[in-house]
Amino acid sequence: MADLKGLLSDLEHALDGNDLGLIASVRRTIADGHPETDAGAEAAYRLGLDALFLSRDLKAAEDYFRRAAKAKSPAWSPCARMSLGSVLMHAGKIQQAIFELRRIASASPPTILAIQAKGLLALAFHKNRQPKESEQARNECKAALRTMCDGSPLTPDGALAAWMLGMELKFDGDRSGARAALKRALDAELLPADAKASAERALKSL
C-alpha cells in the first residue's frame, strides 16, 4: 500500500501544477488504498463530483459518493451522503434516496446540511407521490431554519438559515415573513457572495 503522506504530497504537487489527469489518478490511489481515512473520504467525494459534473457519469458518481459516505469521516461523509441522495433521486432511485437523506436530516441539533437534506426529502417524497410526507419534511425544514436563525447576533450558519428561510417563505407567498428573514440575513453581513446576491434579488422582488 502506498504511503498516505507521500500520496498527499504527490496530490499537492499535482494541484499546484493544475494537472487534472494526475490529480484524478492520485485521488483514485488514495481512495482505493486508504478508504477509511479523512483523506480517502475526501478523495472519493471529489472524484464523485468530477464524475457527476465533468464526466456526467451518474453510476460512477454514485459509487464514489457511497464510498465516501461509508468512510464515516466527520468532514466529508455527510456531504458525500447528501450528494449520494441527490444522485439517487436524479437516477429515479427514490426509495434509496429517501433512506440516505433521512440519515442526514435526523441530525440533532440541526445543521445547515441536515436542513438541506430535509428540503431534498420533501422533493423526494413529492416525486414518490407521498404528499403528506413531503409537506411534513418541508414544515420540519422551515422549523429547523427558524431555530437556527433564532439567536442574536447571528452566526454565519444562522445568516444562511435566515436566507434559506426567506426563500422558503417567498415561495409560500408569505411576503412579510420573507422580507423580514431576508433583511435579517443581509443585515448580519455574513452571507457568502452568491447567497448575498440571491437574497438581494429576492428582497427587491418582494
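The values are calculated or read from the model by the stated rules, or taken from the named source; none is laboratory data. Model, not experiment: these values are computed from the prediction. Quick reminder, even Gly has a Cβ in these numbers, built from the backbone with ideal geometry, and neighbours come from all protein chains shown.
Evaluate the following for ILE115: is it among the β-branched types (Val, Ile, Thr), farther than 13 Å from PRO78 by Cα and modelled with pLDDT of 95 or more?
For ILE115, the condition - among the β-branched types (Val, Ile, Thr), farther than 13 Å from PRO78 by Cα and modelled with pLDDT of 95 or more - is not met.
Report, by residue number, each residue of the range 36-49 that is farther than 19 Å from ASP10 by Cα and among the acidic types (Asp, Glu).
Listed by number, the list holds a single entry, GLU36.
Yes/no per residue for (1) closer than 26 Å to LEU84 by Cα; (2) of a type in the set (S, T, N, Q); (3) touching a helix residue (DSSP H, G or I) at 6+ places or on another chain (Cβ under 6 Å):
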| position | (1), (2), (3) |
| --- | --- |
| ALA137 | yes, no, yes |
| ALA143 | yes, no, no |
| PRO153 | no, no, no |
| LEU169 | no, no, yes |
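Do you know which of the residues in the range 101-120 that are among the aliphatic types (A, V, I, L, M) and over 13 Å from LYS142 (Cα atoms) is nearest to the chain's Cα centre (by Cα)? Outline the logic, then answer.
Residues of the range 101-120 among the aliphatic types (A, V, I, L, M): 101, 104-105, 107, 112-115, 117, 120.
Adding the requirement that they be over 13 Å from LYS142 (Cα atoms) leaves 101, 104, 107, 113.
Details: LEU101: 10, ILE104: 10, ALA107: 14, LEU113: 5 Å.
By that ranking, first place goes to LEU113.
Residues LEU154, LEU186, LEU203: which one is surrounded by fewer than 22 Cβ atoms within 10 Å (Cβ to Cβ), modelled with pLDDT under 95 and either among the charged types (D, E, K, R) or more than 18 Å from the chain's Cα centre (by Cα) (or both)? Don't jump to the end; show me each part of the working.
Numbers: LEU186 fails: modelled with pLDDT under 95; LEU203 fails: modelled with pLDDT under 95.
Unique residue meeting the criteria: LEU154.
Which one of these does GLY21 not meet: (1) surrounded by 13 or more Cβ atoms within 10 Å (Cβ to Cβ); (2) in a helix (DSSP H, G or I); (3) not basic (Lys, Arg)?
If we test GLY21 against (1) surrounded by 13 or more Cβ atoms within 10 Å (Cβ to Cβ); (2) in a helix (DSSP H, G or I); (3) not basic (Lys, Arg), just (1) comes out false.
Within the set of pairs 6 or more residues apart or between chains, which connect a residue that is more than 15 Å from ALA39 (Cα to Cα) inside the range 53-74 to a residue that is aromatic (Phe, Trp, Tyr) and assigned to a helix (DSSP H, G or I) with Cβ atoms less than 9 Å apart?
Sorted first by the residue in the range 53-74, then by its partner, the pairs are ALA61/PHE53.
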